[in-house]
Amino acid sequence: MAAPVPLRLDFDAEALRALAKGSRDPAQTRRLLALSAIYAGGSRSDAAALGGVGLQTVRDWVVAFNAQGPDGLIDRKAPGARPRLNVEQREALRALVEQGPMPAAHGVVRWRLVDLAQILFEDHSVSVSEQTLSRVLRGMGYRKLSARPRHHAQDPDAIPAFKKFFPARLAQIAQAVGGKPIEVWFSDEARVGQKNTITRRWTRRGTRPSAPKDQRTASAYIFGAICPAKGTGAGLVMPRCTTEAMSLHLAEIARTVAPGAHAVLLLDQAGWHMTKKLAVPANITLLPLPSRSPELNPVENLWQFMRDNWLGNRVFKSYTDILDHCCDAWRRLIDQPWRIMSIGLRAWAHRF
């Protein structure tokens, strides 16, 4: 039998019992008391019985205590397996994800795990499974998300410039209308028809749900406008998008604006929005958004919410049925001012 390993001489039984009394780690406390028994003249068997372990474990405690002192008796997390990708390989992976694929060079328009694994093998001689690569990417903060649509001809500087000068533009309008309170409104139109949208839904994994899809072409348009700061809105359902329909919509908005206030209505540059034939009420100023920039208009998000929850996955029997459902959906939205605020508020438009 191997000779017992002697304990270091800079501690004694009283010192270990004091350390055990102040320890917040139960395992360390038990081990300190077991080793204090040895300092007090007890046998290794006595220490093993006190600690509830075998003699080999007591020997391991002594070795750890001699090397690191009381801290050596604290359980530490196991280091685990060596990472499959080192720092250099992770940075190369990060650069690939951030830059995206070049279709001419890589043959794909979006990265798949198998593509990234193949590039790592070819360029860095490291073999990684798709499951491991998925865990690595998630650990680096990446997720597989749906891309937000952006018009291919959009001016990349137009949106930042519009947001930057928006407060000054509001101040100019307020001065021009005699210092009246300003309400920021957004307006847009949505087509709702028998060729309806099919939304996502919960279902068992591995299956694909079905939904009715009509091929008829009757449709109507919701003219909707919201004031996110107040949680209010004004809307009409019209058969088509025309200057006359937009004039009626503006009149509806004008009736909803608070008495004595002036509305700045942000909207896209559709022809029926910009025509000089449009009848604009005195309490409304039209402010066109940059061209090809629907992401600046929160009403676009309202349409998506309404389709996903109230208008999608339906078969409309007739044009009258479309009108009824559109009106009902808009009334339900107006009855939820918190929903309008939650979806419609934008920091660049309301918190400057």
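Tabulated data for the structure shown
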read-out: Whichever aspartates and glutamates have a C-alpha closer than 14 Å to that of Lys277, once near sequence neighbours (fewer than 8 apart) are set aside; value: Glu244
read-out: Low-density loop cleavage sites - trypsin sites (Lys or Arg not before Pro) in segment 290-339, where at most 16 other Cβ are within 10 Å (DSSP); value: Arg292, Lys317
read-out: Choice from Ala245, Ala95, Ala174 showing the highest fluctuation, given a GNM over the chain with Cα pairs closer than 10 Å; value: Ala95
read-out: Protein accessible area in segment 88-186, 1.4 Å probe - carbon and sulfur %; value: 52
read-out: Net +/- balance of residues flanking Gln172 in space, Cβ distance below 15 Å, scoring K and R +1, D and E -1; value: +3
read-out: Residue-normalised accessible area of segment 1-127, expressed per residue, 1.4 Å probe, Å²; value: 66
read-out: Loop-located trypsin sites (Lys or Arg not before Pro) in segment 1-52, at most 13 other Cβ atoms within 10 Å (DSSP); value: Arg8, Arg24
read-out: The chain, helix-only ellipticity at 222 nm - DSSP H runs n ≥ 4, -39,500 (n - 2.57), divided by all residues, nearest 500; value: -13500 deg cm²/dmol
read-out: Cα-based reach from Lys195 at 12 Å (exclusive), listing aspartates and glutamates while leaving out same-chain residues under 8 positions away; value: Asp214
read-out: Accessible area of segment 279-340 belonging to carbon and sulfur atoms, whole % at 1.4 Å probe; value: 49
read-out: Full-stretch length increase - Asp71, Ala176 - with 0.36 nm per residue and alpha-carbon distance subtracted; value: 30.5 nm
read-out: Residue among Ser187, Ser318, Ser23 with the largest mean-square fluctuation in a Gaussian network model of the chain, springs linking Cα atoms under 10 Å; value: Ser23
read-out: Reachable lysines from Lys230, criterion Cα separation under 29 angstrom, eight or more residues apart if same chain; value: Lys163, Lys164, Lys180
read-out: Degrees, to the nearest 10: 26-39 long Cα axis against longest axis of the chain; value: 10
read-out: Relative contact order (%) - the chain, alpha-carbon pairs under 8 angstrom, separation at least six; value: 14
read-out: Dimensionless Rg over Rh [the chain; C-alpha; Kirkwood]; value: 1.26
read-out: Rg to Rh quotient for segment 260-352, alpha carbon positions, Kirkwood Rh; value: 1.01
read-out: Solvent-accessible area per residue, Å², over segment 153-204 with all protein chains present [probe radius 1.4 Å]; value: 62
read-out: Rounded accessible area of Met274 (nearest 10 Å², 1.4 Å probe); value: 80
read-out: Mean projection area, nm², convex hull over Cα of segment 1-105; value: 11.3
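The values are calculated or read from the model by the stated rules, or taken from the named source; none is laboratory data. None of these values were measured; they are calculated from a predicted model. Here the Cβ is made from the backbone with ideal geometry for all residues, glycine too, and neighbour counts use every protein chain on show. SASA here: full protein model, heavy atoms, side chains in, ligands and nucleic acids out. Shrake-Rupley method; radii C 1.70, N 1.55, O 1.52, S 1.80 Å.
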